[in-house]
Structures are given as C-alpha cells and as structure tokens.
Amino acid sequence: WAYCARDSWSTLRIMLQQLMLSQPSDYWIHNYKRTFRLTFPSIYCAFEGCKIDISKRAELLNQAVEKATKIQDDFRIYTGYKEYNPGSPQQVSKFFYDLLGARKPKSKSKSATGEKELNQVAIQHPLFARLVKEHLDFKEVQKQASTYYDFHLHSGDRALWTVRPTGTETGRLASSKSAFGLWDTEA
C-alpha cells in the first residue's frame, strides 16, 4: 500500500506540474472534453460486450466454410492441382497469368492478384471474368468466416472487443480484439 501511495503521489505531482507549465489552448481543452466523454462507454463496452446468437453464428460460419470449400474444390478441378489454394497470391498469379495466359496488369505487388488487378484481368475474356468472380467470392467468404464468424466467446454467449476513443484522427472509435480473450478457455 505504501508503494502504491508513493507512486500515485509522484504521478499526481508530475501531472500537476505539467498542467501548470503547459499553455492549454482552446483546441487542447475541446479535444480533452470530446475524447474524455467516450472513456467510460468504451470501458463498459470492453467489459459487457454483446450477446451473440450462438446457433446463428455457427450456421453462418458453416455456410461460409462450405462455400469456400466448394470454390476451392472447383479451382482444384480447373487447375488439375490437388493442393491449389485460391488464397495464395503466388498460386493465383500462376493460374491466371501463366496457365491461362492473361495479360498481367501494372501493379505494385509482384503477384498482381489484388481485387483491382483481377478486375482488369476479368475484362480481357468472358472466361477470365467468371474465374475472377469465383476467386473474389472465395476471398470474400473466407474473410467473412475468419473475421465475422470465427471468434472466441467470453462467458458462453458474449463477444467482447476493445474500443479506443483515441484510435483515429477523425474521432471514430477504433476497435480491436479484446484483451480478455487471453484468458478464454473455449477453443
């Protein structure tokens, strides 16, 4: 207790000294008032979370995984390669540019397999358009499964996350994975 008291006392003295030496501007005071009012709702959100319909979550996750698996199996048939992964930029690049002979658009990335580049490939031929659409569908459904449906629940049916009022320049709350998830035992 004594150490905690000394530490708090020192911190308080430093803070008061900094406040006395600083020249608070209107912006400084306005920014503090705007940000501080979001502190307690952010803390509450981190502790309380949001109740999740577990059966609906499982259903959506299964649908997304099934769709991704079907698209992946289709691409394995198209390529004739049993280990083809439509999530691999190198393999997608080899498929579209080496195997199918599509013209590689100018790109900052070596593989040129981003959405922008693949949309440029899609306008080269109707077959390319169909394959690009399937590939982008795979990326979308994979993102849905990993980001929105596949997460750990805290206390059985609650999804927790951390919200930071100072996370962006625009004043928007930035969210991230909950620190409480470190202690979850659910796999």
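The values are calculated or read from the model by the stated rules, or taken from the named source; none is laboratory data. Computed from a predicted model, the values in this text were never measured in an experiment. Note that each Cβ is placed from the backbone with ideal geometry, even for glycine, and that neighbours are counted across all protein chains shown. Ligands, DNA and RNA are excluded from the accessible area calculation, which covers all protein heavy atoms including side chains. Shrake-Rupley method; radii C 1.70, N 1.55, O 1.52, S 1.80 Å.
Residue 30 sits with roughly 110 Å² accessible to a 1.4 Å probe, with DNA, RNA and ligands left out of the calculation. The 1.4 Å probe gives accessible areas that order 20, 15, largest first, as 20, 15.
Per residue, how many Å² of accessible area does the chain show with a 1.4 Å probe?
On the way: 13930 Å² over 187 residues.
Counting only protein heavy atoms, the per-residue value for the chain is 74 Å².
Roughly what percent of Cα-Cα pairs across the range 1-69 reach past 20 Å?
The share of Cα pairs beyond 20 Å in the range 1-69 comes to 67 percent.
The solvent-accessible area of residue 36, taken with every protein chain present and a 1.4 Å probe, is close to 90 Å².
Sites listed here are trypsin sites (Lys or Arg not before Pro) in the range 1-41 whose DSSP assignment is loop and whose Cβ has at most 16 other Cβ atoms within 10 Å: 37.
From the Cα gyration tensor of the range 81-174, with a ≥ b ≥ c the square roots of its eigenvalues, which class applies: rounded if a/c is under 1.5, or else prolate if a/b is larger than b/c, or else oblate? Prolate, because a/c is 1.5 or more and a/b exceeds b/c. Cβ-Cβ distance of residue 103 and residue 176, R₀ of 41 Å, FRET efficiency by 1/(1 + (r/R0)^6): the value works out to about 0.55.
If 169, 66, 134, 59 are ordered by their accessible area, calculated over protein heavy atoms with a 1.4 Å probe, which sequence runs from highest to lowest?
Working: 169 175, 66 125, 134 30, 59 85 Å².
Sorted descending by solvent-accessible area, the residues read 169, 66, 59, 134.
Only protein atoms count toward the accessible area here, which uses a 1.4 Å probe; on the chain, the carbon and sulfur part of that area reaches 58 percent. Each residue, residue 59 and residue 35, gets one label point 7 Å from its Cα in the Cβ direction; the gap between the two is 4.4 nm. Among 136-148, 103-115, sorting by the average number of other beta carbon atoms lying within 10 angstrom of each residue, highest first, gives 136-148, 103-115. Net charge within 12 Å of residue 62 by Cβ-Cβ distance, Lys/Arg positive one each and Asp/Glu negative one each, not counting residue 62 itself? Here the charged neighbours net out to 0. Surface calculation, 1.4 Å probe, protein heavy atoms: residue 26 sits at approximately 130 Å² accessible.
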